[in-house]
Amino acid sequence: MLIAGFPAGAWGTNCYLVAPAAGEECVIIDPGHEATDGVEEALRRHRLKPVAVVLTHGHLDHVASVVPVCGAHDVPAWIHPDDRYMMSDPEKALGRSIGAQLLGELTIGEPDDVRELTDGAKLSLAGLELTVAHAPGHTKGSVTFALPEAADIPPILFSGDLLFAGSIGRTDLPGGDMDEMLESLARVVLPLDDSTVVLPGHQGQTTIGRERATNPYLRQVAAGLGSTEAPRRGM
């Protein structure tokens with residue numbers, strides 16, 4: 001399997017291109033702010049042909065390059081319906097102005113082909129099977145994408161802004177909810193095998209085993225404790 005990832009834009013959001021191997025079809029996950037050039041470079045370097053864009057949630061730092069990327073390659077974008085409005089109205093999603101100068105640099109709106117994700121769906125794309133888990137907390141429509149273990153490759157979780165190395169996503173923006181975040185961690189993350197590699201929306205990769213042992217929020221959920229204030233990670 002080939003996973004090419006890079007941080008993009010003002011928020012250092014991780015964009016991933018996933019394919020069975022170099023020279024094959026791929027899925028693009030979260031092409032956010034200023035990700036277009038990085039996507040095109042990775043496609044050329046690995047000789048990949050994109051067949052879809054899939055989005056962990058609708059915040060601008062994860063979707064800002066969806067329109068140009070989908071338009072350039074005539075591919076659909078998949079997003080949970082609860083976050084779909086954010087592609088066309090990013091300021092409403094953030095609850096504050098992000099500045100006219102930044103908005104003027106972006107192509108706001110939906111690509112021509114938008115498809116909606118549902119909890120438990122299995123997306124068969126580019127020779128891969130991505131399992132969708134609805135995981136609200138950071139936003140109402142946040143999801144994760146899981147790839148099963150294969151050959152010598154451990155299971156993989158693209159966690160978006162649900163789970164980071166040592167932390168979790170912020171819950172203080174519109175649609176955020178700490179209780180929902182903790183429930184999503186308990187339902188989506190805790191049952192995963194310790195060997196699962198976590199590829200988050202920001203910063204570096206980790207594993208479920210490492211987070212189970214060291215992440216204070218995951219330990220809190222495992223202990224059945226109540227909510228506390230979430231750290232400010234992601235947009």
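The values are calculated or read from the model by the stated rules, or taken from the named source; none is laboratory data. Computed from a predicted structure; not experimentally measured. Every residue, glycine among them, receives a Cβ derived from its backbone with ideal geometry; neighbour counts consider all protein chains shown. Just so you know, the surface numbers come from the protein's heavy atoms only, side chains and all, with ligands and any DNA or RNA stripped out. Shrake-Rupley method; radii C 1.70, N 1.55, O 1.52, S 1.80 Å.
Which of the residues spanning segment 201-220 are surrounded by fewer than 22 Cβ atoms within 10 Å (Cβ to Cβ) and in a loop (DSSP other than H, G, I, E, B)?
Listed by number, the residues that qualify are Gln203, Gly204, Gln205.
Identify, please: which residue in segment 42-62 is β-branched (Val, Ile, Thr) and open to solvent by less than 10 Å² (accessible area, probe 1.4 Å) and is, among those, nearest to the chain's Cα centre (by Cα)? First the steps, then the outcome.
Step one: filter segment 42-62 for residues β-branched (Val, Ile, Thr), giving 51, 53-54, 56.
Of the ones still in play, those that are also open to solvent by less than 10 Å² (accessible area, probe 1.4 Å) are 53-54, 56.
Working: Val53: 11, Val54: 8, Thr56: 3 Å.
Only one residue tops the list, namely Thr56.
Identify, from the list Glu34, Glu25, the residue that is without any contact (Cβ under 8 Å) to a residue 40 or more places away in the chain and over 14 Å from Phe158 (Cβ atoms).
Within the list Glu34, Glu25, the selection yields Glu34.
Among the residues of segment 123-164, which ones are modelled with pLDDT of 95 or more, out of contact with any Ser or Thr (no Cβ under 6 Å at 6 or more places or on another chain) and over 18 Å from Tyr16 (Cα atoms)?
His134, His138, Thr139, Lys140, Gly141
Report, by residue number, each residue of segment 173-200 that is in a loop (DSSP other than H, G, I, E, B) and of a type in the set (Ser, Thr, Tyr). Walk me through it before giving the result.
Step one: list which residues in segment 173-200 are in a loop (DSSP other than H, G, I, E, B), which gives 173-177, 190-196.
Within segment 173-200, Ser195, Thr196 qualify.
Pairs, please: C-beta under 6 Å, at least 6 apart or cross-chain, first residue small (Gly, Ala, Ser) and in segment 63-91, second crowded, with 23+ Cβ neighbours inside 10 Å?
Going by the 6 Å Cβ cut-off, the qualifying pairs are Ala64/Gly32; Ala64/His33; Ser65/Pro31; Ser65/Ala35; Ala77/Val53; Ala77/Val66.
Looking at segment 126-145, which of the residues that are open to solvent by less than 30 Å² (accessible area, probe 1.4 Å) and in a strand (DSSP E or B) is farthest from Pro191 (Cα to Cα)? Let's see the steps before the verdict.
Going residue by residue through segment 126-145, those that are open to solvent by less than 30 Å² (accessible area, probe 1.4 Å) are 126, 128, 130, 132-133, 135-139, 141-145.
From the residues that got through so far, the ones that are in a strand (DSSP E or B) too are 128, 130, 132-133, 143-145.
Values: Leu128: 22, Leu130: 17, Val132: 15, Ala133: 12, Val143: 16, Thr144: 14, Phe145: 15 Å.
Restricting to residues being open to solvent by less than 30 Å² (accessible area, probe 1.4 Å) and in a strand (DSSP E or B), the top hit is Leu128.
Any chance you could count how many residues in segment 146-178 are in contact (Cβ under 8 Å) with a residue 60 or more places away in the chain, more than 21 Å from Val63 (Cα to Cα) and open to solvent by less than 40 Å² (accessible area, probe 1.4 Å)?
Going through segment 146-178 one residue at a time, the tally reaches 3.
When the residues of segment 184-200 are narrowed to those that are hydroxyl-bearing (Ser, Thr, Tyr) and under 14 Å from Ile153 (Cα atoms), which ends up most open to solvent (accessible area, probe 1.4 Å)? Give the derivation first.
Of all residues in segment 184-200, those hydroxyl-bearing (Ser, Thr, Tyr) come to 184, 195-196.
Retained after the next criterion (residues that are under 14 Å from Ile153 (Cα atoms)): 195-196.
On the way: Ser195: 53, Thr196: 5 Å².
Among those that are hydroxyl-bearing (Ser, Thr, Tyr) and under 14 Å from Ile153 (Cα atoms), it is Ser195.
Please specify each residue of segment 17-41 satisfying the condition of being surrounded by fewer than 23 Cβ atoms within 10 Å (Cβ to Cβ) and farther than 22 Å from Gly109 by Cβ. First the steps, then the outcome.
Step one: of segment 17-41, the residues surrounded by fewer than 23 Cβ atoms within 10 Å (Cβ to Cβ) are 20-25, 34, 36-38, 40-41.
If the condition is that a residue be surrounded by fewer than 23 Cβ atoms within 10 Å (Cβ to Cβ) and farther than 22 Å from Gly109 by Cβ, then Pro20, Ala21, Ala22, Gly23, Glu24, Glu25, Glu41 are the ones that fit.
Consider segment 58-81. How many of its residues are closer than 17 Å to Pro7 by Cβ and of a type outside the set (A, V, I, L, M)?
Of the residues in that region, 4 qualify.
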